[in-house]
Amino acid sequence: MSFNLKNYIKILRQRCYKRLLFLYLRKVKGFNKCLQCTNHSAIIKLTDVQFGTYEFVMICCDDTLEYKLLEMGFVTGTEVLVINNNGLGGNIIIKIRETRIALNYNVAKRILVKKI
Amino acid sequence: MSKLFGQNSQINYNKNIIVALVGNPNVGKSTIFNIVTGATQYVGNYPGVTIDKTIGIKKYKNYAIHFVDLPGIYSLSSYTDDAKITVNFLLNEQVDVIIYVIDSSNLERNLYLFTQIIELNKNVIIMLNMLDLLQAKHKSININQMSNILGLSVFPIIAHKKIGIDTNFLKHIIHLYNNKHISSAKVDYGEDIICEIDKVYKLLAKNKDFINKIHKTWFIIKLLEKDTLAIKLINIFQNKAEILQQVEKSRRHIIEHFNTKIEVEIANKRYGFAKAVVKMTINKQSIKQIDINEIIDDYVLNKYCCIPILLIIIYIIFKFTFAFSEPVVNLFNLFFKFLSFKMSNLIQNSVLKSLIVDGFIGGIGGVFSFFPVLLFMFFSIAFFEDSGYMARASFIMDKILNKFGLTGKSFLPLIIATNGCAVPGMLATRTLESKRDRIITMFIVPYMICGAKIPVCMLIIKALFSYKYQTIVMFCLYIVSIIVALSISKVLSKIISKDYYSHFIMELPPYHLPKLSGLLLKMWERSWLYIRKAWTIVVLTSLFVWGMFTFTLTHSYHNIVEYSIKIINPIFKPIGMDGNKAIALLSGLIAKEMVISTLSTMYSVNNSNKHVCLKDKIHNSQDWSILQGVTFIIFCLTYVPCITSMLIFCKEIEKGKYKWFTLMLFGNTALAWLLSFLTFKIGTLLNLGT
């Protein structure tokens, strides 16, 4: 019994550690930091960006969503202004072609943008 | 063939002009529609598809101009249901003139749809709306230039201030009706795509009678995009296989050439056209100004503030509804009491008196007693909807509802059904894109405490609980209904599809103060759905129930009611319900309003003392303990929804409706029975409220 409990605690601690490490890495060595440090125009996910203007590159998803976004104006090379990435559960608001559009996390993580 | 391009429509086309209002969502089509048709003629709905296509008639110079208000779309494809309505109307009906409404503060995206509209080869008029918003952004638009480029007449207007909408454009519509004029503007798709289009056209041209009716470029592009609607049209062709083969070939060719899909390439070209037009017509002054919308959104959509603000607004909606509707409800009740008193004095014949007073006035009175609640609820929802907050609310709720297998857009239907009515709630699900989300949302919408269930809950709570606890119990019932609804949606979402991620894409409209006329219209539209149901079904069935009770109970002992009670008694016995309650619940199958009126009819027929009100009768009755009352309410909240919402549910689902219908009918009953069984047994064991 005691062995089992110890084991559990060990696994739990490992999990916590992994998660903390992951968060730390994302914070320090994330794409954004990379961008800020080197001014390198890399392609990043929309969920990882901060406030600012970006260029839409592409979207990796199924057809229905792709067409839906196409008719909203997501064409390669379009300017995307990220207004608010502080929404509940990673939902973000962007401005594209003079329209403010709300996207949820599931959509935003499939959109790739490039820093101008 | 004639079915697809049919002339079988409800409108009488002789000497009439059909004008369709088309545009992106939220550009002010309906505002223009209301101003133009105004109070002149009826604003009627098409049968079947109730709230989506609205027609109004304006008479001008011996011409009857039929304006058709269509749901807003982003492109002419058939992905969502409301887009399908618009596309079908534009393709299948004989539209004479299209009024294309443009939100000029968002010209580029609006012109994208325009490129598809001109490919339909129809008369088009452009209405540039919201010029004041453009001015607020320090931009100006060269209207002559735009008119020249697009080869159409452009009318600058500000719809919500009624500026610019005069007889000029009516004259122009009539002019266009007599002399057809098609826009000279064309999107340049590039040599490769045009070459592929020509190849497909050659194959299509073999069907001669068909080719005259088709809008060449648009249709072939849709075919190349493999749009379901276009593929369906092609099915009747003789050389169908050949065409599809060519389409496949062309698609492959374009992917090889451009390294992208044809859809992307075409959208690219169309947006290129739109961008060029914008560049040529709009003069920008680069002044950086503060956008008030962004400031409000910073607070409303903040990670920490959003939920409290949402809760406050829901509280305001509920408070407003109940505070304002209570005096009106009392007034209605007084009026019906007065009416029945007058009637009973007027009429001598006892059967006729009973028919009119108990059956007719009682039935209508029962329906109208909570109608004000519905009205005020719809009014306050319309207020927040028009102000632009509801779009934000669904955005906030998206993450939370996602956990239960729904999307943020399910929020509006659910809140319409709470205190409102399930029928407009189900119709409001049309804005949901995915079929799966729509089915789940429509399935759980009837679980909310709708306007018809409120009186049932209120009556029993008021009869059984002391004044102190009434509000808390009511609040708990709301919570229970939400929990049940969400857990059902969770289960359903697990059953329907497992590997699914929800997309939530929503345009956030700018905030503005709603106009009263618009609010009243929206309120009326939704309430009308309820009233129509009430008149036809509820009044008839209340008359039927009245007839059954008066004629059978007085004449013979072993009547239908007693017999049916005997049959259903074993089912209802374990959940602590006697025959009377069971009958009341059975009548609630037709409509939840019937539960109360059936109870009152039964008690007034059985009881010798006719002047005691139903509340006191329940309060004094031996059959109603607190536990039994709660069980009754829980059963009432969760069992089969009323017949109208079930019919609407079946109508809205196209595929597998019988499966869903059966699930709704038996699954809900089983669930309700189980829940009330648990409540009753646990309550009895713990000796609560017996």
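The values are calculated or read from the model by the stated rules, or taken from the named source; none is laboratory data. Here the structure is a predicted model, which means the values were calculated and not measured. All Cβ positions, glycine included, derive from the backbone under ideal geometry; neighbour counts span all protein chains shown. The accessibility values were calculated without ligands, DNA or RNA, using every heavy atom of the protein model including side chains. Shrake-Rupley method; radii C 1.70, N 1.55, O 1.52, S 1.80 Å.
Just to verify a result, which residue in segment B:378-392, among those that are closer than 13 Å to B:Pro413 by Cα and away from chain A (no Cβ under 14 Å), is most open to solvent (accessible area, probe 1.4 Å)? Out of the qualifying residues, it is B:Glu385. Across segment B:258-298, the qualifying residues are those that are within 11 Å of chain A (Cβ to nearest Cβ) and hydroxyl-bearing (Ser, Thr, Tyr), and the one among them that is least open to solvent (accessible area, probe 1.4 Å) is B:Tyr271. Inside segment B:412-438, residues that are over 23 Å from B:Val640 (Cβ atoms) and open to solvent by less than 20 Å² (accessible area, probe 1.4 Å) make up a count of 1. The residues of segment A:102-116 that are over 15 Å from A:Glu66 (Cβ atoms), facing another protein chain (nearest Cβ under 9 Å) and open to solvent by less than 10 Å² (accessible area, probe 1.4 Å), listed by number, are A:Ala102, A:Asn104. Got at least one residue in segment A:70-82 being at pLDDT 80 or above, surrounded by 16 or more Cβ atoms within 10 Å (Cβ to Cβ), facing chain B (nearest Cβ under 7 Å) and touching a strand residue (DSSP E or B) at 6+ places or on another chain (Cβ under 6 Å)? Scanning segment A:70-82, I find at least one residue that is at pLDDT 80 or above, surrounded by 16 or more Cβ atoms within 10 Å (Cβ to Cβ), facing chain B (nearest Cβ under 7 Å) and touching a strand residue (DSSP E or B) at 6+ places or on another chain (Cβ under 6 Å), so the answer is yes. Considered as a group, the residues in segment A:45-69 that are open to solvent by less than 10 Å² (accessible area, probe 1.4 Å) and aliphatic (A, V, I, L, M) include one that is farthest from the other protein chains (Cβ to nearest Cβ), and that residue is A:Val49. Going by the conditions given, is B:Trp673 among the aromatic types (Phe, Trp, Tyr) and at pLDDT below 85? Taking the combined requirement at face value, the residue does not satisfy it. The sole residue among B:Leu663, B:Leu685 that is loosely packed, with under 12 Cβ neighbours inside 10 Å and either β-branched (Val, Ile, Thr) or outside any loop (DSSP other than H, G, I, E, B) (or both) is B:Leu685. Among the residues of segment B:299-318, those that are in a helix (DSSP H, G or I) and within 13 Å of chain A (Cβ to nearest Cβ) comprise B:Tyr299, B:Val300, B:Cys306, B:Ile307, B:Pro308, B:Ile309, B:Leu310. Within segment B:94-110, residues that are open to solvent by 10 Å² or more (accessible area, probe 1.4 Å) sit with their Cβ atoms under 8 Å from residues that are among the hydroxyl-bearing types (Ser, Thr, Tyr) and modelled with pLDDT of 85 or more, at 6+ positions apart or across chains, in these pairs: B:Glu108/B:Tyr271.
Name the single residue that is least open to solvent (accessible area, probe 1.4 Å) among those in segment B:462-489 being modelled with pLDDT under 85 and assigned to a helix (DSSP H, G or I). It comes out as B:Ala463. The lone criterion from (1) modelled with pLDDT of 80 or more; (2) buried (at least 19 other Cβ atoms within 10 Å of the Cβ) left unmet by B:Glu326 is number (2). Scanning segment A:83-101 for residues that are touching a residue at least 24 places away in the same chain (Cβ under 8 Å) and open to solvent by less than 10 Å² (accessible area, probe 1.4 Å) yields a total of 5. For B:Ser466, the requirement of being more than 21 Å from B:Val373 (Cβ to Cβ) and assigned by TED's automatic domain parsing to the domain that holds B:Ser394 is met.
Of the helices (runs of 4 or more DSSP H) lying entirely inside segment B:382-434, those containing at least 1 residues that are touching an Asp or Glu at 6+ places or on another chain (Cβ under 8 Å) and farther than 22 Å from B:Pro510 by Cα are B:422-427. Here B:Lys216 does not fit the description of being at pLDDT below 75 and out of contact with any helix residue (DSSP H, G or I) (no Cβ under 8 Å at 6 or more places or on another chain).
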